[in-house]
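Step one of this worksheet: look at the structure below.
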Amino acid sequence: MGYLEQVRTLRKVWTQKKASQERQQSWVLFGLLRPISFWFTPPFLFLGMTANQVTVFGWVTAISAAALYGIGNPLWVRIAAAVLFANYLLDLIDGNIARFRNTRTHYGNYLDAVGDAIRFPLCTLGLAVGIHRHLDLHPLAQALIRHTDVWILMLMAGLSAILSLLDLYLTQRLDRHYKWITLQKMEAGATIEEATAPATPVGWARARTLLASVKRFFQELQLPVWIVLSFLYRTDWLLAWLFISAVVDSGTGILANVLRARAKINYPRP
């Protein structure tokens, strides 16, 4: 199978299995990153790499980007931004390979979730170290902290990481719980439509919709803000944005998950 034919096949499989979900999830992902990823997937297919191997390679790029941000000078920060963009593409390429070869597994989904969980916490911590190493180049950071007080930067980065991980854990845990509830209802005789019908009161449903809109807004801006502020070498502004984004993004996600849990409160946990 030739290069262009592989790209067309990758796009066709994605359209059949994933396109509608990603269109609702993110326009940056759907309109920019996914189409680019198709063109970079064939070399990995040619090398015979599995989806899980690409995922682990993505972990390496995330760690590398964090280390480069930690160096802190303008050249390495811009290189780190390019490596981070490559990490985003690898996060999509592994799914392209899994769908192309029909080798999707729960273990692969777990590896992918771990990669998503470590990317921004590690890079945020790297940003904090890099800013402290070159504090004289960051007027915003100078206005907020003393030269020796790196712990404020680390606290901001650490809180951002903890909120992101908590949001991810709650989402994964509740998804597993609701799948179990759906199976229990279907075993009791309910149809698939009845088993998956939302049980959330109208007020809560509207609140969840609003929270989801706020969360999506910040998620859509996440990668563009990372890349633009990195290339402008305004990493102090980037760290401030990440802290605000993590509080709003993860906070709205946690509140939305609380409302999801309230809708099923009478069902026992598996």
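The values are calculated or read from the model by the stated rules, or taken from the named source; none is laboratory data. Note that this is a predicted model, so its numbers are computed, not measured. Note: ideal-geometry Cβ built from the backbone for every residue, glycine included; neighbour counts use all protein chains shown.
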Any residue at all in the range 37-44 that is in contact (Cβ under 8 Å) with a residue 60 or more places away in the chain, under 25 Å from Val228 (Cα atoms) and surrounded by 21 or more Cβ atoms within 10 Å (Cβ to Cβ)?
no
Scanning the range 157-181 for residues that are crowded, with 17+ Cβ neighbours inside 10 Å and polar (S, T, N, Q), the one modelled with the lowest pLDDT turns out to be Ser160
**Prompt:** When you look at Phe57, is it among the aromatic types (Phe, Trp, Tyr) and within 30 Å of Val129 (Cβ to Cβ), yes or no?
**Reply:** yes
By residue number, the members of the range 1-40 that are closer than 30 Å to Ala212 by Cβ and hydroxyl-bearing (Ser, Thr, Tyr) are Thr15, Ser20, Ser26, Ser37
Scanning the range 225-246 residue by residue, the ones that are surrounded by 18 or more Cβ atoms within 10 Å (Cβ to Cβ) and at pLDDT below 80 total 6
Note on the range 205-224: residues out of contact with any Ser or Thr (no Cβ under 8 Å at 6 or more places or on another chain), modelled with pLDDT of 80 or more and either among the hydrophobic types (A, V, I, L, M, F, W, C) or under 14 Å from Tyr69 (Cβ atoms) (or both) are Phe217, Leu223
Counting only helices (runs of 4 or more DSSP H) entirely within the range 1-92, those with at least 3 residues that are under 19 Å from the mean Cα position of the chain (by Cα) are 19-25, 34-46, 51-71
